[in-house]
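**Q** Before we start, here is the structure in question, set down as structure tokens.
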């Protein structure tokens, strides 16, 4: 239920903001707005108000929305379709037609088209502004395990090192370090990383990006063979997820796992490693409970993670809260600093989204990164479970994605209309109806292809 509610809030808010951008700028330009719809299909609620008697609709299919403006080109088509409908209004007075979209200057039409994506980008700035003022909590960039023969090991990265700078930019959290590494992996063959070791010595490492996996769903740190630092935790269960395998077979909070299949377990990392490598395999756990050893049999559930099938038990370790707190940092900014950070974050994310799209088209990046409604719903639910800050960050990211996507020069999208208006300015007259109609067919074809890829990716993720 949380996932459904979070998904509806996400789509409802972002679509409403996008369409309101079109609506408000159209009103400022003196254009008559006939309908403002959130969703497609049959209306489940509607009302009419305002000086233009605009019809506001909430429709049954919550996967988008639209703003319908008075336009003489559409009136011609409606006149043909409603020829037998005596109640249909297809005739407007000349005074009313002065408020038609097609009667406005090309620059006013461009403003209306740009307003939707612009509203999404402004919403992202607002959300990030709130986040930076509330404070960003993240993991300190301390290097954990480094895989043998990985790019990180070749750069002489060492467990326990604190990362100070990535590509010359100071970082305070792993989130900041990840972002720079991900960006630069598409721009440069390598980066320099500055670290501080336990002896308080500063070292510079030359980290190369040779042969990185093109799967965008795999964490950049995993690709580099470097992990975030986690303190050794005893093999003691702290929490059990509802309806999990662990709950069903009888594990309890406080249980200490001393062996699996008669193999001695020293810490929680051993438990995780053993369970991950045993999907759908029956395991015997030796558990210490109330100073007694009991035996529990469990078959880890097979789960897909980064393209690999791993086992999952549904239990987490008992954490030393003080030790975990030492690994976290909360960074809070003033309102003025926050707006600067928010604008920079929105710009960087939008530019990165465009880079990813270009790299997908050129084949440098896998198309697996395209998400459909099911994945977005899942991400919305997960972020909502993790708290308000995470959910606000998710909303900002999706809002930027919607804004950038709609600016692409694809007919039927806002960017496609913008392309037509730029051509109109250059040639001195509007693009012909025949070209527009042909472009619509091409645009719908491209969007249909993208939707099929997104749905295919969704199916693969959830199978």
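**Q** Confirm whether residue 164 is outside any loop (DSSP other than H, G, I, E, B), modelled with pLDDT of 90 or more, surrounded by 15 or more Cβ atoms within 10 Å (Cβ to Cβ) and out of contact with any helix residue (DSSP H, G or I) (no Cβ under 8 Å at 6 or more places or on another chain). Spell out the reasoning first.
**A** On the way: outside any loop (DSSP other than H, G, I, E, B): yes; modelled with pLDDT of 90 or more: yes; surrounded by 15 or more Cβ atoms within 10 Å (Cβ to Cβ): yes; out of contact with any helix residue (DSSP H, G or I) (no Cβ under 8 Å at 6 or more places or on another chain): yes.
It is true that residue 164 is outside any loop (DSSP other than H, G, I, E, B), modelled with pLDDT of 90 or more, surrounded by 15 or more Cβ atoms within 10 Å (Cβ to Cβ) and out of contact with any helix residue (DSSP H, G or I) (no Cβ under 8 Å at 6 or more places or on another chain).
**Q** Those residues that are out of contact with any strand residue (DSSP E or B) (no Cβ under 8 Å at 6 or more places or on another chain) and in contact (Cβ under 8 Å) with a residue 40 or more places away in the chain, I need them from region 29-57; list them, please.
**A** Matches in region 29-57: 29, 30.
**Q** For region 184-192, does any single residue satisfy the condition of being over 22 Å from residue 363 (Cα atoms), surrounded by 14 or more Cβ atoms within 10 Å (Cβ to Cβ) and touching a helix residue (DSSP H, G or I) at 6+ places or on another chain (Cβ under 9 Å)?
**A** Checked region 184-192: at least one residue is over 22 Å from residue 363 (Cα atoms), surrounded by 14 or more Cβ atoms within 10 Å (Cβ to Cβ) and touching a helix residue (DSSP H, G or I) at 6+ places or on another chain (Cβ under 9 Å).
**Q** Out of the helices (runs of 4 or more DSSP H) lying entirely within region 198-291, which hold 2 or more residues that are modelled with pLDDT under 90 and closer than 30 Å to residue 170 by Cβ? Quick ask: steps written out before the conclusion?
**A** Numbers: elements: 220-224, 245-249, 268-276.
Counting at least 2 such residues, we get 220-224.
**Q** A further question follows. Could you say whether any residue in region 216-225 is buried (at least 19 other Cβ atoms within 10 Å of the Cβ) and farther than 26 Å from residue 147 by Cα? Walk me through it before giving the result.
**A** Narrowing region 216-225 to residues buried (at least 19 other Cβ atoms within 10 Å of the Cβ): 220, 223-224.
Okay, now just the ones that are also farther than 26 Å from residue 147 by Cα, so none.
No, there is no match, as no residue in region 216-225 is buried (at least 19 other Cβ atoms within 10 Å of the Cβ) and farther than 26 Å from residue 147 by Cα.
**Q** Residues 373, 411: which one is modelled with pLDDT under 90 and either buried (at least 20 other Cβ atoms within 10 Å of the Cβ) or not assigned by TED's automatic domain parsing to the domain that holds residue 120 (or both)?
**A** Working: 373 fails: either buried (at least 20 other Cβ atoms within 10 Å of the Cβ) or not assigned by TED's automatic domain parsing to the domain that holds residue 120 (or both).
After applying the criteria, what remains is 411.
**Q** Going through region 423-434 one residue at a time, which ones are loosely packed, with under 14 Cβ neighbours inside 10 Å and touching a residue at least 12 places away in the same chain (Cβ under 8 Å)?
**A** Within region 423-434, 425, 433 meet the criteria.
Rundown of residues vs (1) more than 22 Å from the chain's Cα centre (by Cα); (2) buried (at least 20 other Cβ atoms within 10 Å of the Cβ); (3) under 24 Å from residue 354 (Cα atoms), yes/no style:
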| position | (1), (2), (3) |
| --- | --- |
| 100 | yes, no, no |
| 103 | yes, no, no |
| 120 | no, yes, yes |
| 128 | no, yes, yes |
| 139 | no, no, no |
| 142 | yes, no, no |
| 145 | yes, no, no |
| 154 | yes, no, no |
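**Q** Does region 167-179 hold any residues that are more than 22 Å from residue 231 (Cβ to Cβ) and surrounded by 19 or more Cβ atoms within 10 Å (Cβ to Cβ), and which are they?
**A** The first filter runs over region 167-179 and keeps only residues more than 22 Å from residue 231 (Cβ to Cβ), leaving 167-170, 179.
Residue satisfying the conditions is 179 alone.
**Q** Which condition breaks for residue 303 when tested against (1) more than 28 Å from residue 268 (Cα to Cα); (2) within 22 Å of the chain's Cα centre (by Cα); (3) at pLDDT 75 or above?
**A** Failed condition: (1).
**Q** Can I ask one more? Restricting the search to region 308-323, which residues are within 26 Å of the chain's Cα centre (by Cα) and loosely packed, with under 12 Cβ neighbours inside 10 Å?
**A** Selection gives 308, 309.
**Q** I've got another one for you. Report yes if residue 191 is closer than 21 Å to residue 177 by Cβ and modelled with pLDDT of 90 or more, otherwise no. Spell out how you get there, then give the answer.
**A** Working: closer than 21 Å to residue 177 by Cβ: yes; modelled with pLDDT of 90 or more: yes.
Judged against the criteria, residue 191 is a match.
**Q** Considering only residues that are free of Cβ contacts under 8 Å to residues at least 40 places away in the same chain, more than 14 Å from residue 318 (Cβ to Cβ) and surrounded by fewer than 17 Cβ atoms within 10 Å (Cβ to Cβ), which ones fall in region 284-306?
**A** Here is the first cut: in region 284-306, the ones free of Cβ contacts under 8 Å to residues at least 40 places away in the same chain are 284-295, 302-303, 305.
Right, trim to more than 14 Å from residue 318 (Cβ to Cβ) and you get 284-286, 290-295, 302-303, 305.
Answer for region 284-306, where residues must be free of Cβ contacts under 8 Å to residues at least 40 places away in the same chain, more than 14 Å from residue 318 (Cβ to Cβ) and surrounded by fewer than 17 Cβ atoms within 10 Å (Cβ to Cβ): 284, 290, 291, 292, 293, 294, 295, 302, 303, 305.
**Q** Residue check: is residue 257 in contact with a helix residue (DSSP H, G or I) (Cβ under 6 Å, 6 or more places away or on another chain) and outside the structural domain of residue 159 (by TED's automatic domain parsing)? I'd like the intermediate steps shown before the answer.
**A** Details: in contact with a helix residue (DSSP H, G or I) (Cβ under 6 Å, 6 or more places away or on another chain): yes; outside the structural domain of residue 159 (by TED's automatic domain parsing): yes.
The answer is yes for residue 257.
**Q** Also: Would you call residue 108 over 30 Å from residue 194 (Cα atoms), more than 26 Å from the chain's Cα centre (by Cα), in a helix (DSSP H, G or I) and at pLDDT below 90?
**A** Numbers: over 30 Å from residue 194 (Cα atoms): yes; more than 26 Å from the chain's Cα centre (by Cα): yes; in a helix (DSSP H, G or I): yes; at pLDDT below 90: no.
Considered against the rule, which asks whether it is over 30 Å from residue 194 (Cα atoms), more than 26 Å from the chain's Cα centre (by Cα), in a helix (DSSP H, G or I) and at pLDDT below 90, residue 108 comes out as no.
Quick grid of which residues meet (1) on the phi < 0 side of the Ramachandran plot; (2) modelled with pLDDT of 90 or more:
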| site | (1), (2) |
| --- | --- |
| 11 | yes, no |
| 17 | yes, yes |
| 29 | yes, yes |
| 47 | yes, yes |
| 53 | no, no |
| 70 | yes, yes |
| 94 | yes, no |
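The values are calculated or read from the model by the stated rules, or taken from the named source; none is laboratory data. These numbers come from a predicted model, not from an experiment. Positions of Cβ are backbone-derived with ideal geometry, glycine not excepted, and every protein chain shown enters the neighbour counts.
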